[in-house]
Amino acid sequence: MSNAALQLDDVVHQRVRLGILAVLAESRRADFVYLREALEVTDGNLSRHLQVLEAAGYVRIEKIFEGRRPRTWVAATTTGREAFESELEALRNLIARIDGPRAE
C-alpha cells in the first residue's frame, strides 16, 4: 500500500460518511431528512453512519422540536472539517501518485 493510501481516514473514507462531510463542508449544518435524500440512504443507514462520525468527534447532532415535529440537525465539528480536508488531500496525493507527472 502506498503512503498516500495510508493517509486515508477509515472513518471518513466510507462513501456515505464522506458524503455527509462533503455536504456539511458546504453549509453550517444540514437536517437529517436533507442528508438522507441527498445521499439516497435509508433512515437506519444514515443514523448508523452519523453515530460513527459522532463517536469520532467529527459531527455534532442536535435533536429539537419545531412545534410538535422532531427535527435532527447535523453539523461538522472543527475536527470533522479538518478530517474532511485531510481526506481530500490524501485523495489528491493518491491520484497524483497514480497519474504521475502530467505533460502540460
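The values are calculated or read from the model by the stated rules, or taken from the named source; none is laboratory data. The model shown is predicted, which means the values in this text are computed figures rather than measured ones. No Cβ is skipped: glycine too gets one built from the backbone with ideal geometry, and neighbour counts run over all protein chains shown.
Out of curiosity, is T42 on the phi < 0 side of the Ramachandran plot, modelled with pLDDT of 95 or more and exposed (fewer than 12 other Cβ atoms within 10 Å of the Cβ)? Against the criterion (on the phi < 0 side of the Ramachandran plot, modelled with pLDDT of 95 or more and exposed (fewer than 12 other Cβ atoms within 10 Å of the Cβ)), T42 qualifies.
In the range 1-19, the residues that are more than 13 Å from L94 (Cα to Cα) and among the hydroxyl-bearing types (S, T, Y) never reach a residue that is assigned to a helix (DSSP H, G or I) and at pLDDT below 65 with C-beta atoms less than 9 angstrom apart, at least six apart or across chains. On the stretch given as the range 38-57, residues that are within 18 Å of D10 (Cβ to Cβ) and either part of a strand (DSSP E or B) or touching a Leu at 6+ places or on another chain (Cβ under 7 Å) (or both) total 0.
Okay, residues lined up against (1) of a type outside the set (A, V, I, L, M, F, W, C); (2) at pLDDT below 95:
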site: L6; (1), (2): no, yes
site: D10; (1), (2): yes, yes
site: H13; (1), (2): yes, yes
site: L35; (1), (2): no, no
site: F65; (1), (2): no, yes
site: R68; (1), (2): yes, yes
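Pairs are defined by a Cβ separation below 7 Å, a sequence spacing of at least 6 or placement on different chains, a first member in the range 21-50 that is over 22 Å from E87 (Cβ atoms), and a second member that is of a type in the set (V, I, T); the pairs so defined are D31/T72; F32/T72; F32/V74.
When you check R97 against the structure, is it touching a residue at least 24 places away in the same chain (Cβ under 8 Å), surrounded by fewer than 15 Cβ atoms within 10 Å (Cβ to Cβ) and touching a helix residue (DSSP H, G or I) at 6+ places or on another chain (Cβ under 6 Å), yes or no? Spelling it out, R97 is indeed touching a residue at least 24 places away in the same chain (Cβ under 8 Å), surrounded by fewer than 15 Cβ atoms within 10 Å (Cβ to Cβ) and touching a helix residue (DSSP H, G or I) at 6+ places or on another chain (Cβ under 6 Å). Within the range 61-68, not a single residue is assigned to a helix (DSSP H, G or I), within 18 Å of V16 (Cβ to Cβ) and of a type in the set (A, V, I, L, M).
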